[in-house]
Amino acid sequence: MRRYGKNPDEDDVRVRPNRKGNRPRTNIRPKHEDASEGLVLTVDRGRLTVLIDDRTITAMKARELGRKSAVVGDRVAVVGDLSGAKDTLARIVRVEPRTSTLRRTADDDDPYERVVVANADQLAIVTALADPEPRPRLIDRCLVAAYDAGLDPLLVLTKSDLAPADTLLASYGALGVPYLVTNRDELADGSAADRVRERLAGRMTAFVGHSGVGKTTLVNALVPERRRATGHVNAHTGRGRHTTTSALALPLPGDTGWVIDTPGVRSFGLHHVDPARVVLAFPDLVPGTEGCPRACSHDEPDCALDEWVAEGHADPARLYSLRRLLATRERREGD
Ligand SMILES: Nc1nc2c(ncn2[C@@H]2O[C@H](COP(=O)(O)OP(=O)(O)OP(=O)(O)O)[C@@H](O)[C@H]2O)c(=O)[nH]1
Ligand SMILES: [Mg+2]
Ligand SMILES: [Zn+2]
C-alpha cells in the first residue's frame, strides 16, 4: 500500500503513560502559528539546512515530530533562532503535506523505504553511455518509481563522446520518454547546460543514477557558482566512487527552477510500488484495463490488455513496454 502522510491532526494526539492506562491526550501546546516556512536544501546527520526567504539556517527536528522525517525538498515550518548566525540551531515543528514522494527500497524484498526527495515533479534519470556501462534495468526501475510517485521522467544520456546513444534510445522509443544526450564538448561550451536547462524550467527536478554517470558534472554546468566535487570512474572496475554523499537542492540561476543532486545508487528497490499505478503512465492502455480481474497486476494470464491490444486498440509495442517495466520488479538488478 502506498503511504501518504498521516492526517496532520493525528500529530496533536500523544500517548502518555498514566495510572489509568495509556490514553491519548490532546496536545494543548500552541500550534506554532508564528513559525516560518522554509525549504529543506540538504540533510546531514540529523542537521537540516533550510532556506527561509533568502537566508539558509541550520535546524533539527523538534521532538514532537516523532519518527516523521523531513527530507530534501520538504516544505517545513521552523521556530527558534532564524538569524542564520553561526552555531544557531532552529527547530522544525511541522512538515507540510507533500505534492510527491519519491521512494526507494534497498531491494525489492526489503520493505524499508527511504524517501529520496519530496515535492519533486520531474525525475532526471542520468545514465552514462559508457564508463560506467549503461544498465537499462536501472533505467526501467527509475521509470517505474517515477510513474508510481507521479513524477515526469526525463532520460539524460551522458558521455556520448565515449559511445553512441542509438541502441539505448531505440529500446525506449515506444515509451515516449523525453530524453537528452550530452557529451564532454557540449559540457565545455555550455550547450549541454542550455539544452538541459530548457527541460528544467519552472520545475523541481531530481537527478538520480549510478555513481560516476555525471550527475554532479551536469549540476555544476547548470549552477556554476555552486560547484560541487566530482569524482573519477575507476578504470579497472568501471565504477564511480560515490563522490556525492548527500542530496542537495540548488536553485537554477534566475529563479527558473530547482535541481536536486543525489548520491549515486547501486540499486533502486521497488518494494513499495503498486503495479496498478504504473499503468497510469500509459493512458492509451488504461481503457483496455476495464475488463481486467480485480487487482490485476496487468502482467498475468487473465489480464484483459492482451486481447484488447490484439483487437487493434493500441500499439502492441506499448503493451510490451508496460510489461517490461512491470517485470522489472520481479527480476534482480544484475539480470
Ligand atoms: N567523457 C565524459 N566524461 C564525463 C562526462 N560527464 C561527466 N564525466 C566524467 O564522469 C566522472 C564522474 O562524474 P560525476 O559528476 O562525479 O558523477 P556523479 O554521477 O555525480 O557520481 P556520484 O556523485 O559518485 O554519484 C567525472 O570524471 C566527470 O568528468 C561526459 O559527458 N563525457
Ligand atoms: Mg555526484
Ligand atoms: Zn490487467
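Before moving on, here are some points about what is shown:
- Placed amide H near THR182: partners under 5 Å, 5+ positions off or other chain: LEU157, THR158, LYS159, SER160
- Share of carbon and sulfur in the accessible heavy-atom surface of the chain [1.4 Å probe, %]: 49 percent
- Environment charge at LEU39 (Cβ cut-off 11 Å; Lys +1, Arg +1, Asp -1, Glu -1): -3
- Unpaired Cys in the chain, meaning no second Cys C-beta under 4.7 Å: CYS142, CYS303.
- Dipole magnitude of the chain, debye to nearest 20 (Cβ charges: Lys/Arg +1, Asp/Glu -1, about Cα centre): 1980 debye
- Along the chain, the exposed loop sites are GluC sites (Glu not before Pro) outside DSSP states H, G, I, E and B with at most 12 other Cβ atoms within 10 Å, and the longest stretch free of them is 34-310.
- Residue-averaged [θ]222 nm for the chain, counting only DSSP H segments that reach four residues, each worth -39500 (n - 2.57): -5500 deg cm²/dmol
- Low-density loop cleavage sites - trypsin sites (Lys or Arg not before Pro) in the range 59-111, where at most 12 other Cβ are within 10 Å (DSSP): ARG67, LYS86
- Two-decimal log10 I(q)/I(0) for the chain, as the Debye equation yields it once each C-alpha is a single scatterer, q = 0.08, 0.11, 0.12 Å⁻¹: -0.44, -0.80, -0.92
- Counted residue by residue at 0.36 nm each, then reduced by the alpha carbon distance between them, the extension gain from ASP107 to ALA85 reaches 3.8 nm.
- Taking amide hydrogens as placed 1.01 Å from N in the peptide plane, the amide H of SER100 sits under 5 Å from those of ASN119, ALA120, each at least 5 positions away in sequence or on another chain.
- Local net charge near LEU157, Cβ-Cβ under 14 Å (Lys/Arg +1, Asp/Glu -1): +1
- Size descriptors for the range 77-132, from the alpha-carbon set: Rg then Dmax equal 17.5, 49 Å.
- Per residue, the accessible area of the range 36-95 comes to 53 Å² when a 1.4 Å probe rolls over the protein heavy atoms.
- Going by accessible surface with a 1.4 Å probe and the largest first, TYR112, TYR172 read TYR112, TYR172.
- With the simple model of a label 7 Å out from the Cα in the direction of the Cβ, ASP255 to ASN234 spans 4.6 nm.
- Computed over protein heavy atoms with a 1.4 Å probe, the accessible surface of the range 227-335 works out to 55 Å² per residue.
- For the range 275-327, the calculated P(r) over all alpha carbon pairs, in 5 Å bins from 0 to the bin holding the longest distance, is 4, 23, 39, 28, 6 percent.
- For the range 142-195: accessible area per residue (Å², 1.4 Å): 42 Å²
- Helix runs (DSSP H) in the chain reaching 15 Å along axis by Cα, Kyte-Doolittle at least -0.5: 136-149, 316-327
- The chain: relative contact order as a whole-number percent, Cα under 8 Å and 6+ apart: 15 percent
- Computing Rg and the Kirkwood Rh from the Cα coordinates of the range 101-261 gives a ratio, Rg/Rh, of 0.93.
- Scalar couplings 3J(HN,Hα) for the range 73-84, obtained by applying the Karplus form with A = 6.51, B = -1.76, C = 1.60 to θ = phi - 60°, are x, 5, 8, 10, 9, 10, 10, x, 6, 9, 6, x Hz; x denotes Gly and Pro.
The values are calculated or read from the model by the stated rules, or taken from the named source; none is laboratory data. Since the structure is predicted, the reported quantities are computational estimates derived from the model, not experimental observations. Here the Cβ is made from the backbone with ideal geometry for all residues, glycine too, and neighbour counts use every protein chain on show. Surface areas here come from the heavy atoms of the whole protein model, side chains and all, with no ligands, DNA or RNA. Shrake-Rupley method; radii C 1.70, N 1.55, O 1.52, S 1.80 Å.
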